[in-house]
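Nothing in this text is a laboratory measurement; each read-out follows from the coordinates by a stated rule. Keep in mind the model is a prediction, meaning the values are calculated, not measured. Counting neighbours? That spans all protein chains shown, and the Cβs are built from the backbone with ideal geometry, glycine included.
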Amino acid sequence: MKTLVIHPKDYTTDFLSVIYDNKNWYVITTNVSKSHLKNQIKSHDRIILLGHGTELGLIGFEHFIIDSTYVYYYVKNIVYVYGVTLMYFLKNTN
């Protein structure tokens, strides 16, 4: 199973890196284009979102890097680990 981790670089959530350290997973920690992000999501079986967020999505680099425009890519095994994740999941998957 190919795993993608999206974890915007932020010293307040660096401790979450133990989840993916020493694993052969593709990790995005820097600001990338939406097209690159969508292509990576499409090409991976499992997606792990780490960091700060709200019911509107995952926050990184002073904007939402994962928001409702990515909902159609969520027909996958997704793990959310950020603030208010249940509200985001319920709002965007019903």
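Test of the criteria: in region 1-61, which trypsin sites (Lys or Arg not before Pro) are in a DSSP loop and have at most 10 other Cβ atoms within 10 angstrom of their Cβ?
LYS23
Which of SER17, SER33 comes first, and how do the rest follow, when ranked by fewest Cβ neighbours within 10 Å?
The order, fewest Cβ neighbours first, is SER33, SER17.
Put a dot 7 Å past each Cα toward the Cβ at LEU56 and ILE19; how far apart are the dots in nm?
Going by the 7 Å Cα→Cβ label model, 2.2 nm.
Which order do ILE66, ILE6, ILE59 fall in if you start with the one that has the fewest other Cβ atoms within 10 Å?
So the residues, fewest neighbours to most, are ILE59, ILE6, ILE66.
How much length would be gained if the chain were fully extended between ASN31 and THR12, taking 0.36 nm per residue of separation minus their Cα-Cα distance, in nm to one decimal?
Separation in residues times 0.36 nm, less the Cα-Cα distance, equals 5.1 nm.
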